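In what follows, a single structure is set out as structure tokens and then discussed.
The values are calculated or read from the model by the stated rules, or taken from the named source; none is laboratory data. The structure presented is a predicted model; accordingly, all values stated were derived computationally and were not measured. Glycine gets a Cβ as well: all are built from the backbone with ideal geometry, and neighbour counts include every protein chain shown. Note: accessible area is taken over every heavy atom of the protein model, side chains too, but ligands, DNA and RNA are not part of it. Shrake-Rupley method; radii C 1.70, N 1.55, O 1.52, S 1.80 Å.
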Amino acid sequence: MRKTWIQSLVPAMCGLLLGAFSGCAHETALTRDDLHMYSGLEKGAAPSESDSLLCVSYNIEYSEKLDQALADLTADPALRDPDVLLLQEMDPEGVAYLADRLGLNYFYYPSFIHPHHGRLFGTAVLSPWPLGEPLSIVLPYPNPLTDNHRTALAVDVRMGRRKVRAVSVHLSTLMIDLDFFNRGLFVSAPSWRR
């Protein structure tokens, strides 16, 4: 039986899609030299104590367009002056840049080296309040496309007389089953407390 052009095109398109998805999935594991906590402390000026807590989470794709992120965080009253700022997809230089300009303390921990730019890729917790007890938690299930593990970063935020445990976590792509990630979060959540 002779193939139609559409029957010939389908395997080729599937191959292209598979190649595209696998091409974006080659995250590089970190070496021992890369695996350390980055911090910038004593930058923040603790605000007055309050009964409220403003926590902002921002995924800054590939730690790029930092000036746009800075503009977003300072222009919008709903995002301005957070007690806790959780960042994802960050490299250490990007975290330090934002922390310096916003006057915030921070902890940052990388998960892997991203193939998009060949730089460290991880999560951060920033705050004007004093920070302490950072803990990087390796999520228990590897990404099925790359076999790398994502991490969560848990940090104590000392807000006057209160202490809050803030956790920044970056899960993988939407192509992965949500139940898969929920299992990882529920299994690892007890270790986020100190």
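Here r is the Cβ-Cβ distance between LEU66 and ARG161 and R0 is 30 Å; the resulting FRET efficiency, rounded to 0.05, is 0.30. Roughly to the nearest percent, how much of the accessible area of the range 87-131 is carbon and sulfur, given a 1.4 Å probe? Accessible surface attributable to carbon and sulfur in the range 87-131 totals 49 percent.
Annotation: the range 73-123 has a Kirkwood hydrodynamic radius of 11.9 angstrom, from the mean reciprocal C-alpha pair distance.
Among VAL169, VAL84, the sequence by solvent-accessible area, most first, with a 1.4 Å probe is VAL169, VAL84.
Close amide H pairs (under 5 Å, H built 1.01 Å from N) link HIS170 with THR151, residues at least 5 positions away or on another chain. Sequentially through the range 89-100, phi angles give Karplus couplings (6.51, -1.76, 1.60; θ = phi - 60°) of 6, 10, 10, x, 5, x, 5, 4, 4, 5, 4, 5 Hz, Gly and Pro residues having no value and appearing as x.
Residues TYR38, TYR106 ordered from highest to lowest accessible area at a 1.4 Å probe: TYR38, TYR106. Averaged over residues, the count of other Cβ atoms within 10 Å places the peptides 132-138, 88-94, 151-157 in the sequence 151-157, 88-94, 132-138, highest first. For the range 74-141, the solvent-accessible area of protein heavy atoms averages 35 Å² per residue (probe radius 1.4 Å; ligands and nucleic acids excluded). For TYR141, TYR109, the ranking by accessible surface with the largest value first comes to TYR141, TYR109, using a 1.4 Å probe.
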